[in-house]
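A short reminder: the numbers here are calculations on the coordinates, not readings from a lab. Because the structure is a prediction, the values reported are computed rather than measured. Quick reminder, even Gly has a Cβ in these numbers, built from the backbone with ideal geometry, and neighbours come from all protein chains shown.
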Amino acid sequence: MTESTTPAIPGPHEIFERMRQQWLGLIPDSWEDLADDVIVEVPFAPPGRRRRFEGREDFLSFAVPGRAAFPVRFDEVRNIVIHDTGNPEVIVVEYELSGTVTTTGRQASAPFIAILGVRNGKTILWREYQNPMAIAEALEPMN
């Protein structure tokens, strides 16, 4: 009998770990984990910001330039709690991102909760609940 060398298809735990590594710059940003029909939702986005993106290209047209212009280097993803659901393709993740604002040197953190759905090794849903006031406060110029 021969052993299979086919790699396991990543599930939501593995995809979240890759996301964490990308946020911290431990591995290069790669959007290959996004399904073509991914749905990305940010229900608490600040006024004037989109709250829903439908499809990989729609999301990337926002995320790539937005990330390039975002003046924060993420230093740590901490207080991670992963909740499994009744669906093996879906997890709920609580975490805190801490980082340094590159324009001021200010260190700050903000809590997040996200729902991550993965099918066939690709992200099909990312619904992120963030604290826009904490993020805005961190980005304010220092007095």
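Odds and ends about this structure:
- Longest exposed-site-free window of the chain, the sites being trypsin sites (Lys or Arg not before Pro) in a DSSP loop that have at most 12 other C-beta atoms within 10 Å: 52-143
- Shown for LEU125, LEU24: other C-beta atoms within 10 Å of each C-beta, ranked fewest to most, produce the order LEU24, LEU125.
- The DSSP beta bridges internal to the chain are antiparallel in roughly 90% of cases.
- Using only side-chain charges placed at the Cβ, +1 for Lys and Arg and -1 for Asp and Glu, the dipole size of the chain relative to its Cα centre rounds to 400 debye.
- Angle of helix 56-69 to the longest C-alpha principal axis of the chain, folded into 0 to 90 degrees and rounded to 10: 40°.
- Most fluctuating residue given options GLU32, GLU96, GLU41, as computed from a GNM of the chain linking Cα atoms under 10 Å: GLU32
- Added length on full extension, which subtracts the Cα-Cα distance from 0.36 nm per residue, ARG51 to SER30: 5.3 nm
- Evaluated over the chain, the Cα radius of gyration and Dmax, each in Å: 16.3, 69
- For the pair GLN107 and PHE62, a Förster radius of 25 Å applied to the C-beta separation gives a FRET efficiency near 0.40, rounded to the nearest 0.05.
- Extension gain for the segment ARG119 to SER98, taken as residue separation times 0.36 nm less the Cα-Cα distance, is 4.7 nm to one decimal.
- Calculated FRET value between ALA8 and ASP37, using beta carbons and R₀ = 30 Å, to 0.05: 0.85
- Simple spin-label estimate for GLU137 and PHE70 in nanometres, 7 Å along Cα-Cβ: 1.9 nm
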